[in-house]
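Take a look at the structure set out below.
The values are calculated or read from the model by the stated rules, or taken from the named source; none is laboratory data. Computed from a predicted model, the values in this text were never measured in an experiment. All Cβ positions, glycine included, derive from the backbone under ideal geometry; neighbour counts span all protein chains shown.
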Amino acid sequence: VPTLFAATPRTFRSSYQLAQDYLDKYYTPKGGPQAGEMVVRQGNPMVRKIKELQSFFGLQVTGKLDPTTMHVIKRPRCGVPDVAN
Amino acid sequence: YRLFPGEPKWKKNILTYRVSKYTPSMSPAEVDKAVEMALRAWSTAVPLNFVRINSGEADIMISFETGDHGDSYPFDGPRGTLAHAFAPGEGLGGDTHFDNAEKWTMGMNGFNLFTVAAHEFGHALGLGHSTDPSALMYPTYKYQNPYRFHLPKDDVKGIQALYGPRKTFPGKPTMPHIPPHKPSLPDLCDSSSSFDAVTMLGKELLLFKDRIFWRRQVHLAAGIRPNTITSSFPQLMSNVDAAYEVPERGLAFFFKGPHYWITRGFQMQGPPRTIYDFGLPRRVQRIDAAVYLRKPQKTLFFVGEEYYSYDERKKKMEKDYPKNTEEEFSGVSGHVDAAVELNGYIYFFSGPKTFKYDTEKEDVVSVVKSSSWIGC
């Protein structure tokens, strides 16, 4: 987890939780048979979803929860997922 | 823009809708109005018609819900998720839910229901989220003025990919030909509206709205009369976005979409130019307001909830901008529609209110009705 953060340790637990909820809601296809996820051994689904979010919002794709990414995560938004669902 | 997988769409062009549960934070009439305007935002672009019903099952059932409301997408309390809608289809398809925990409003002091509803109805008609920050279907909330809303290009392309364009009737008009009525003057004292742009021009104060502008002396409220914009500024036609004057240079600047015109008095100085001359980023498609501050010789450009500062002496945009308007101008709430500096005060026109901002005290010192500036 620490590798995900560019933020200071002080904020990382609440930000991490916030980010995880956000990615579950908007970047994790739901409904219908749960498609198994084939990931390479060292792949981290969270990093992949962070990159997907950053790519969607036109941010620098780092896979890290940097301040710009957290700013987007904290903005009020629509509840419909951003990925095909 | 994006469509949903499988590109679900409605197979009929008359859709019913019904608000089955309201919210305590707005009157039912206001909710109905916002919903109607939000649906109309789409029906101007495609051949869909929306009919409201008050009982039974509609294609688009609209309700304000709290927390887990039975559709496996629970709401999360204030902020966060504001609303969601389901793609076209039977049963839950098209249904639209708003989080009752939010503060809904027709204005800016809360989440603007028109703005969110127009977005959600895009889903209910078959659009997914867009990656274009200027699109209505962008996932994050950004206030839209219901009375000046135009469906952004990306959304028009998306919805017309599903339903085609709304055509003007190609055949002989079945109705007797009605001569184009002369649009009446806007309700001059409509206290709910604001101005599109306000600027000094020489010794006069000019206030613009739709196709009209008023001229008045700053200290004299008598003799204020409306003029058509085309009579004095033929190139501007109507709906000026912003305007400001640099008195030291005797020049005024008028903005519309991504263009601006320079005038000396009422004389146009050449063809329109692009707002990117000022160093505004390309993502800015238009500005909402502009004001020249005489002491620092800087011009502030307001775009949505943020503003930029342009140094008129150095002729370049200042660094560290944009900044958030509400954070920098305490007491000025909401969307800035127009702004002007008079006698050292900045007047911010926001909807029906005008905030008088004291730059020394860095606070609002009074709030008046916008319509009072034209003698109402």
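Odds and ends about this structure:
- Search result, residues across the stretch A:48-73 that are facing chain B (nearest Cβ under 8 Å) and either without any contact (Cβ under 8 Å) to a residue 12 or more places away in the chain or among the basic types (Lys, Arg) (or both): A:Gly58
- Taking the listed residues B:Gly70, B:Gly56, B:Gly77, B:Gly94, the one that is over 25 Å from the mean Cα position of the chain (by Cα) and either among the aromatic types (Phe, Trp, Tyr) or modelled with pLDDT of 95 or more (or both) is B:Gly94, with no other qualifying.
- Being within 12 Å of another protein chain (Cβ to nearest Cβ) and farther than 24 Å from B:Ser350 by Cβ is a description that applies to B:Asp76.
- Only residues that are within 14 Å of chain A (Cβ to nearest Cβ) and more than 16 Å from B:His123 (Cβ to Cβ) were counted across the stretch B:33-69, and they come to 5.
- Options B:Phe329, B:Phe278; residue that is touching a residue at least 24 places away in the same chain (Cβ under 8 Å) and within 24 Å of B:Leu236 (Cβ to Cβ): B:Phe278
- Any chance B:Gly107 is among the small types (Gly, Ala, Ser), buried (at least 16 other Cβ atoms within 10 Å of the Cβ) and at pLDDT below 95: yes
- Residue list for the stretch B:77-87, restricted to those being out of contact with any Ser or Thr (no Cβ under 6 Å at 6 or more places or on another chain) and touching a residue at least 24 places away in the same chain (Cβ under 8 Å): B:Gly77, B:Pro78, B:Leu82, B:Ala83, B:His84, B:Phe86, B:Ala87
- Which listed residue, of B:Pro146, B:Pro152, is out of contact with any helix residue (DSSP H, G or I) (no Cβ under 7 Å at 6 or more places or on another chain), more than 11 Å from chain A (Cβ to nearest Cβ) and buried (at least 19 other Cβ atoms within 10 Å of the Cβ): B:Pro152
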